[in-house]
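Chemist: So that we are looking at the same thing, I have put the structure below in structure tokens.
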Amino acid sequence: MIGVATSFLATVSWTVLGYMILLDLCMLVLVAFGARRVLANRRWTGAEGHDQIFASPLTPGISVLIPAHDEEAGILDTLSAALAQRYPSFEIILVDDGCTDRTFDLVADRYRLTPVTPRWTADLPIDGAVLSVHRATTGDPLTVIRKATVGRRSDASNVALNMARHPLVCMLDADSLLEPEALLRVARPFVEDPRNVVGAGGVIRAVNGSRTDSGAVLEPRLSKRWLVRIQAVEYLRSFLLGRTGWADANAMLIISGAFGLFRRDLLVEVGGMDPHSLAEDAELVVTLQEHLRRQGRPHRMVFVPEPVCWTEVPETWSVLGRQRRRWSHGLGQLLWKHKRMIGNPRFGAVGVLALPFFLLFEALGPVVEVVGLASVVLAAGIGALDWGSAGVMVGFALLVGTVLSTVVVAVEEFTFHRYRSGRDLLALLAAGVLENVGFRQVHAWYRLQGLFAAITRRTPVWTAMPRTGFGSAAQVPADAGSTAAVPASAVPASAVPVSA
Amino acid sequence: MTPPAQAAAVGSLVLSGLVVLLLVAVALEHLLRTRRLAREAARRAELTPLVHALLDGESTAELAGAPALLDELVLDLLPQLRGADRSALQAVLLERGVVGRAADQLTARGAARRGRAALLLGNAASAEHTTPLVHLLSDRTAEVRSAAARALGKTGDPAAVGPLLAAVASRQGVPPGVVGMALLDLGTGVLPALRTALDAGRPVTQALAADLIGVHGDPAATDALIALVGDPGRDPDVRRSAAQALGRIGSPVATATLAAALRGSGERPLRGAAAEALGRIGDPAALDPLTAGLRSADADVRGACADALTLFGEPGRLRLAAHAVLCGPSGDAARSALDVLEFTRRPGRHAARA
């Protein structure tokens, strides 16, 4: 019996080892390509300066859509940052999705809202009734829609889409702060190639711990919480390098719902956001890719490797768990819905590269990780574990993870250098190591739970999470690291890190 | 230890070395950056008065021996300047051999070098380098092609118009938006070529030509644009761009064609663009088709018609008011437009109410 168990465990171990080597190789290739592109981009972007884009009469207008549910903690900062955009023509559409707190009152007070008749531009189906529409009388291009909530962010997004006027729409989370030139940076590909570019995203970073004032990030800093620091590394790896690599391969699968720019006509054409998806931003990108590929229409999803948006990330394990389960559940839904695209050359690099990668390493990754860990424990329990070999293997796995994280921090330091303090830099490096010990394993467990929910077709549930808003310059002493932010719920599936 | 574990141990050693190297590089970069930036700032502070003196027309004997950082300063300033100031800085670049070196770099192996050289020649408005820049429009690297196109726009040489338009439609071409910005930089001299392009080449070129003609508001292209809008066999994007251009030109000659496009069964963007154009033209003959458009099944078209009616002054307002009493989507569209009208007329009243 012991012999059978030992040989079974050996088989499992070899399978897990092979899987991990394959995953690490893929990640190294992805990160290497991403790093190459980011560094090249810093030397010469090859594109027009932002001043010219700003001044060009060909630059299209943008409708910024912000669905909000109980966001009183940070909504005014989010709106301040969005309204302070340096962009020739834009409007903000905020959707009060059944807020039970003072979100609407705060906005109504600050922008002196007055009720108006809605001006519909599309007829996308929505479930939550629109209660009223308001407009700012302060001269700001702000429209606020109050609607009954149905517990789905996509429904609020679709209402906003129904009222967007401009040719481009920007999806923005209500707990995110835009850089002043965010719209200019990400709209540039649309200005340069208006017929082919259908979607674009940029780099999103964790804002927790940073000094902000009226929506402006004055000084990016790391939170003092290790959980947040690890997520800061995750975000850097995912956005700075992962997505840049995918975009280079023309296989962008995700444009973050925290900040993403799309052509409005195409969004309306595909019926808006999927009302039942928990990863509606990724779902939207894949749906667009599928739709345009099927029709043989040329299209490009672009990733601009420049920081454009700062968002809150969870600060506690319980909130992180909810968020990651939801992402994993959403990913499972997405892969099931678009299963015909997986491995299908008709859908180009998305079908042949990106979707199989997400199926193998993102969706099934937690299964392999948890099984691998269980087999080690079991082997130790029956005395079949070669401690020396196991130690070397674990050390090797840790080192691969550390190399990936260190490359990311190095690229950040050599390019954008947003974290000025040496202490923050050291903390980032340390977080990159610590991520592999404990965080990664717990994360795998959360993702496994999310995957299980997707497989068993559980009803998707959007849960509102508490926020405390952004740490203001006035509130945060110069030497304080982290007072900001409590966990964010609506950091979208798009932020799913590219590595397990 | 098993063979795989031995291999992993060797791999671990290699990876450890890599991590150490990266850490050292990060630390050095972090430590040296501050010093480097401070040094550069000090040098810039020294050189900036020299550039200002040059712009003030003062003697600039020291410029000859100034370090290469001066060229960067001048290149940073160039896009922001016009007229004599711009010419003075361009002359400095020429004297210091920067333009000549850039011209040599146009055939460099690295894409970044070629691209930067192209941009520099554009900023230096070096019309004598039009031919090599035109060659770069078919460069193997997309970014270099775009840089060459933008540079051609800045050189101000009308000879670049033909190659630029051709580059839009070529297989390994330049995105239309980039060519559009370049052609706008070239000014009104490009209009004859754009008029010709309306009826030649591929739809992408035709649509771009129509867009640019609209931005220039060229009345000489009205007939050609009317023909495009009225031809259902044309590409929908081309017809939409032509309709938008007609609106910007503002000639009532186009009213009948645009009204027909609004009433027709064409694609939604075309009908929306036709409504918007009719509003811009403001011909009273468009009141009826726009009022009828309020009953369109498409929300975007309804909204565009309502917005267009607000541009007609009192007659448009009366039409909207008549519809505003109705229930349903057309009433909503009319009420919404009246709200905007009211809002624009008396913003103070709304603010007080709020």
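Chemist: Where in the range A:82-148 are the strands (runs of 3 or more DSSP E), entirely inside, with at least 3 residues that are aliphatic (A, V, I, L, M) and within 14 Å of chain B (Cβ to nearest Cβ)?
Modeler: Ranges flagged: A:130-136, A:142-147.
Chemist: Within the group A:105, A:77, which residue is open to solvent by 30 Å² or more (accessible area, probe 1.4 Å), more than 26 Å from the chain's Cα centre (by Cα) and farther than 21 Å from residue B:343 by Cα?
Modeler: A:105
Chemist: If you take the residues of the range B:109-145 that are open to solvent by 20 Å² or more (accessible area, probe 1.4 Å) and among the small types (Gly, Ala, Ser), which of them is farthest from residue B:165 (Cα to Cα)?
Modeler: B:110
Chemist: Another question about this same structure. Would you call residue B:237 within 19 Å of residue B:200 (Cα to Cα) and more than 14 Å from chain A (Cβ to nearest Cβ)?
Modeler: Here the answer is no, as residue B:237 does not meet what is asked.
Chemist: All but one of (1) in contact (Cβ under 8 Å) with a residue 12 or more places away in the chain; (2) over 30 Å from the mean Cα position of the chain (by Cα) hold for residue B:339; which doesn't?
Modeler: Answer for residue B:339: the failing condition is (1).
Chemist: While we're here: Being open to solvent by 30 Å² or more (accessible area, probe 1.4 Å) and more than 15 Å from the chain's Cα centre (by Cα), is that true of even one residue in the range A:230-247?
Modeler: Looking for residues that are open to solvent by 30 Å² or more (accessible area, probe 1.4 Å) and more than 15 Å from the chain's Cα centre (by Cα), one finds none in the range A:230-247, hence no.
Chemist: Now for a separate question. Would you please list the contacts, defined by Cβ atoms under 7 Å and residues six or more apart or on different chains, that run from a residue in the range A:18-35 that is more than 13 Å from residue A:360 (Cβ to Cβ) and assigned to a helix (DSSP H, G or I) to a residue that is open to solvent by 20 Å² or more (accessible area, probe 1.4 Å) and at pLDDT 80 or above?
Modeler: A:31/A:407; A:33/A:248; A:35/A:407
To keep it simple, each residue is scored yes or no on (1) of a type in the set (D, E, K, R); (2) open to solvent by 30 Å² or more (accessible area, probe 1.4 Å).
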{"site": "A:4", "(1), (2)": "no, yes"}
{"site": "A:13", "(1), (2)": "no, yes"}
{"site": "A:37", "(1), (2)": "yes, yes"}
{"site": "A:50", "(1), (2)": "no, yes"}
{"site": "A:57", "(1), (2)": "no, yes"}
{"site": "A:61", "(1), (2)": "no, no"}
{"site": "A:92", "(1), (2)": "no, no"}
{"site": "A:109", "(1), (2)": "yes, yes"}
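Chemist: Looking at residue A:419 and the list (1) surrounded by fewer than 19 Cβ atoms within 10 Å (Cβ to Cβ); (2) under 24 Å from the mean Cα position of the chain (by Cα); (3) of a type outside the set (A, V, I, L, M, F, W, C), which single condition is not satisfied?
Modeler: Looking at each condition in turn, residue A:419 falls short on (1).
Chemist: Residues of the range B:283-309 being surrounded by fewer than 21 Cβ atoms within 10 Å (Cβ to Cβ) and of a type in the set (Lys, Arg), which ones?
Modeler: B:295
Chemist: Going through B:248, B:263 one at a time, which residue ends up being away from chain A (no Cβ under 14 Å) and open to solvent by 30 Å² or more (accessible area, probe 1.4 Å)?
Modeler: B:263
Chemist: Ok, one more. Taking the range A:15-29, which residues are open to solvent by 40 Å² or more (accessible area, probe 1.4 Å), under 25 Å from the mean Cα position of the chain (by Cα) and more than 12 Å from every other protein chain (Cβ to nearest Cβ)?
Modeler: Selection gives A:22, A:26, A:29.
Chemist: Test of understanding: among B:217, B:233, B:177, B:189, which residue is free of Cβ contacts under 8 Å to residues at least 12 places away in the same chain and under 21 Å from residue A:55 (Cβ atoms)?
Modeler: B:177
Chemist: To continue, here is another question. Buried (at least 24 other Cβ atoms within 10 Å of the Cβ), small (Gly, Ala, Ser) and more than 14 Å from chain B (Cβ to nearest Cβ): does that describe residue A:216?
Modeler: no
Chemist: Can I ask one more? Being of a type in the set (Asp, Glu) and under 21 Å from residue A:312 (Cβ atoms) is the filter here; which residues of the range A:174-193 pass it?
Modeler: Hits for the range A:174-193 are A:175, A:179.
Chemist: Tell me, please, whether a residue that is among the charged types (D, E, K, R), within 19 Å of the chain's Cα centre (by Cα) and buried (at least 24 other Cβ atoms within 10 Å of the Cβ) can be found in the range A:306-316.
Modeler: Yes: the range A:306-316 contains one or more residues that are among the charged types (D, E, K, R), within 19 Å of the chain's Cα centre (by Cα) and buried (at least 24 other Cβ atoms within 10 Å of the Cβ).
Chemist: So, one more: Based on what the data block shows, is residue B:342 more than 23 Å from residue B:225 (Cα to Cα), among the charged types (D, E, K, R) and more than 14 Å from chain A (Cβ to nearest Cβ)?
Modeler: No: the conditions fail for residue B:342.
Chemist: Can residue B:71 be described as surrounded by 10 or more Cβ atoms within 10 Å (Cβ to Cβ) and either in contact with a helix residue (DSSP H, G or I) (Cβ under 7 Å, 6 or more places away or on another chain) or among the small types (Gly, Ala, Ser) (or both)?
Modeler: For residue B:71, the condition - surrounded by 10 or more Cβ atoms within 10 Å (Cβ to Cβ) and either in contact with a helix residue (DSSP H, G or I) (Cβ under 7 Å, 6 or more places away or on another chain) or among the small types (Gly, Ala, Ser) (or both) - is met.
Chemist: Within the set of pairs 6+ apart or on separate chains, which have a first residue in the range A:369-392 that is in contact (Cβ under 8 Å) with a residue 24 or more places away in the chain and within 14 Å of chain B (Cβ to nearest Cβ), a second that is among the hydroxyl-bearing types (Ser, Thr, Tyr) and surrounded by 14 or more Cβ atoms within 10 Å (Cβ to Cβ), and C-beta atoms under 8 Å apart?
Modeler: A:376/A:13; A:379/A:6; A:379/A:13; A:384/A:6
Chemist: How about the range B:312-354: which helices (runs of 4 or more DSSP H) wholly inside it have at least 1 residues that are at pLDDT 90 or above, open to solvent by less than 70 Å² (accessible area, probe 1.4 Å) and among the aliphatic types (A, V, I, L, M)?
Modeler: Filter on the range B:312-354 gives B:314-324, B:329-345.
Chemist: Further question: Which residue out of A:200, A:164, A:182 is away from every other protein chain (no Cβ under 14 Å) and aliphatic (A, V, I, L, M)?
Modeler: Just one listed residue meets the conditions, A:182.
Chemist: Sticking with this one: Working carefully through the options A:385, A:451, find the one that is on the phi < 0 side of the Ramachandran plot, modelled with pLDDT of 85 or more and surrounded by 15 or more Cβ atoms within 10 Å (Cβ to Cβ).
Modeler: Answer to the check: A:451.
The values are calculated or read from the model by the stated rules, or taken from the named source; none is laboratory data. Note that the structure is a prediction, hence the values are computed from the model and not measured. Cβ sites come from the backbone with ideal geometry, for glycine too, and all protein chains shown count toward neighbours. Accessible surface is based on the protein model in full, side chains and every heavy atom, while ligands, DNA and RNA are left aside. Shrake-Rupley method; radii C 1.70, N 1.55, O 1.52, S 1.80 Å.
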